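Novice: So that we are looking at the same thing, I have put the structure below in structure tokens.
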Amino acid sequence: GNSVTQMEGPVTLSEEAFLTINCTYTATGYPSLFWYVQYPGEGLQLLLKATKADDKGSNKGFEATYRKETTSFHLEKGSVQVSDSAVYFCAVQGGAGSYQLTFGKGTKLSVIP
Amino acid sequence: DAGVIQSPRHEVTEMGQEVTLRCKPISGHDYLFWYRQTMMRGLELLIYFNNNVPIDDSGMPEDRFSAKMPNASFSTLKIQPSEPRDSAVYFCASLEGAPLISGANVLTFGAGSRLTVL
């Protein structure tokens, strides 16, 4: 089955620092890739997605590029804010005509002023 | 749209009691998923339905867990009897299925039901 390996946290950064959260996946076929974000006490919200190789997903200053050759989908943001403090999940979907998501373990980000 | 609605948001119960979690998916979505989130195991898929029919329940941990979807707007996850190791946050998510050639099909999650079994 599909699997996702995500860098362990927690990650603590100062405001305006550069963020990278690494994510690699294994899947058959042509999966879609996602980043979800979870704020304290809330459900998961879609942050960005990519459906094919070399696609770049972006939202709220976050970006991730679907790299099929390295099976990676690293999340980046050039300048983090305190409000970005949350848990970030990388996920892979499908690759065999299926819709369920397989998630990484999550990376907790704390941004300090 | 109100999104995916789950109830209760919090449940505290004693070991051995029956627990029922409820979910209302987004109208028009034909797939429904139940996930469990724990610190140790992260997010695990328990079961999912398509057009109210269970498709894959291989993630259901044991016979104490059961899920139903009697109609397109309602699903339940039941634990009977509950045990302390069932303490977790349970998420419901729904999706509108479409041919994958049209792009990614996005799961929308509810706010979750936090279960504590004493």
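Novice: If I filter the stretch B:104-118 down to residues being at the interface with another protein chain (Cβ under 9 Å from one of its Cβ atoms) and not hydrophobic (A, V, I, L, M, F, W, C), which single residue comes out as surrounded by the fewest Cβ atoms within 10 Å (Cβ to Cβ)?
Specialist: The residue in question is B:ARG114.
Novice: Also, I was wondering about something else. Would you mind stating whether A:SER83 is open to solvent by 60 Å² or more (accessible area, probe 1.4 Å), closer than 24 Å to B:VAL89 by Cα and more than 14 Å from chain B (Cβ to nearest Cβ)?
Specialist: yes
Novice: Right, another one. Residues A:GLY29, A:GLY41: which one is out of contact with any strand residue (DSSP E or B) (no Cβ under 8 Å at 6 or more places or on another chain), of a type outside the set (Phe, Trp, Tyr) and touching a residue at least 60 places away in the same chain (Cβ under 8 Å)?
Specialist: A:GLY29
Novice: Moving to a separate point now. Within the stretch A:7-47, work out how many residues are more than 13 Å from every other protein chain (Cβ to nearest Cβ), aliphatic (A, V, I, L, M) and outside any loop (DSSP other than H, G, I, E, B).
Specialist: Matching residues across the stretch A:7-47 total 4.
Novice: Here's a follow-up. Which residues, counting only those in the stretch A:24-50, are in contact with a Gly (Cβ under 6 Å, 6 or more places away or on another chain) and of a type in the set (A, V, I, L, M, F, W, C)?
Specialist: A:ALA27, A:LEU48, A:ALA50 - these are the residues of the stretch A:24-50 that are in contact with a Gly (Cβ under 6 Å, 6 or more places away or on another chain) and of a type in the set (A, V, I, L, M, F, W, C).
Novice: Next question. Given the residues A:LYS105, A:LYS68, which is the only one that is at the interface with chain B (Cβ under 9 Å from one of its Cβ atoms) and in contact with an Asp or Glu (Cβ under 9 Å, 6 or more places away or on another chain)?
Specialist: Step by step, each of A:LYS105, A:LYS68 is checked, and only A:LYS105 is at the interface with chain B (Cβ under 9 Å from one of its Cβ atoms) and in contact with an Asp or Glu (Cβ under 9 Å, 6 or more places away or on another chain).
Novice: On to the next question. Inspect the stretch B:77-91 for any residue being over 21 Å from A:VAL87 (Cα atoms), of a type in the set (Val, Ile, Thr) and surrounded by 15 or more Cβ atoms within 10 Å (Cβ to Cβ) and give the result as yes or no.
Specialist: yes
Novice: Okay, moving on. Given the structure, is B:MET69 closer than 30 Å to A:PRO31 by Cα, open to solvent by less than 50 Å² (accessible area, probe 1.4 Å) and free of Cβ contacts under 8 Å to residues at least 60 places away in the same chain?
Specialist: So B:MET69 passes the test.
Novice: Quick one: which of A:THR51, A:THR20, A:THR65, A:THR24 is under 24 Å from A:PRO113 (Cα atoms) and in contact with a strand residue (DSSP E or B) (Cβ under 6 Å, 6 or more places away or on another chain)?
Specialist: Selected residue: A:THR20, the only one of A:THR51, A:THR20, A:THR65, A:THR24 that is under 24 Å from A:PRO113 (Cα atoms) and in contact with a strand residue (DSSP E or B) (Cβ under 6 Å, 6 or more places away or on another chain).
Here's the yes/no breakdown for (1) within 11 Å of another protein chain (Cβ to nearest Cβ); (2) within 19 Å of A:GLY104 (Cα to Cα); (3) in contact with an Asp or Glu (Cβ under 9 Å, 6 or more places away or on another chain); (4) not aromatic (Phe, Trp, Tyr):
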| position | (1), (2), (3), (4) |
| --- | --- |
| B:GLN6 | yes, no, no, yes |
| B:ASN50 | yes, no, yes, yes |
| B:ASP56 | yes, no, no, yes |
| B:GLU62 | no, no, no, yes |
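Novice: Looking at the stretch B:48-66, is at least one residue in a loop (DSSP other than H, G, I, E, B), charged (D, E, K, R) and open to solvent by less than 40 Å² (accessible area, probe 1.4 Å)?
Specialist: Taking every residue of the stretch B:48-66 in turn, at least one turns out to be in a loop (DSSP other than H, G, I, E, B), charged (D, E, K, R) and open to solvent by less than 40 Å² (accessible area, probe 1.4 Å).
Novice: Then there is this: Need the failing condition index for A:LYS77 against (1) surrounded by fewer than 17 Cβ atoms within 10 Å (Cβ to Cβ); (2) in contact with a helix residue (DSSP H, G or I) (Cβ under 8 Å, 6 or more places away or on another chain), just the number.
Specialist: Here A:LYS77 meets the rest and fails (1).
The values are calculated or read from the model by the stated rules, or taken from the named source; none is laboratory data. As the structure is a computational prediction, the values presented were derived from the model and not from experiment. Every residue, glycine as well, gets a Cβ built from its backbone with ideal geometry; the counts of neighbours run over all protein chains shown. Keep in mind that these areas ignore ligands, DNA and RNA; they rest on the heavy atoms of the full protein, side chains included. Shrake-Rupley method; radii C 1.70, N 1.55, O 1.52, S 1.80 Å.
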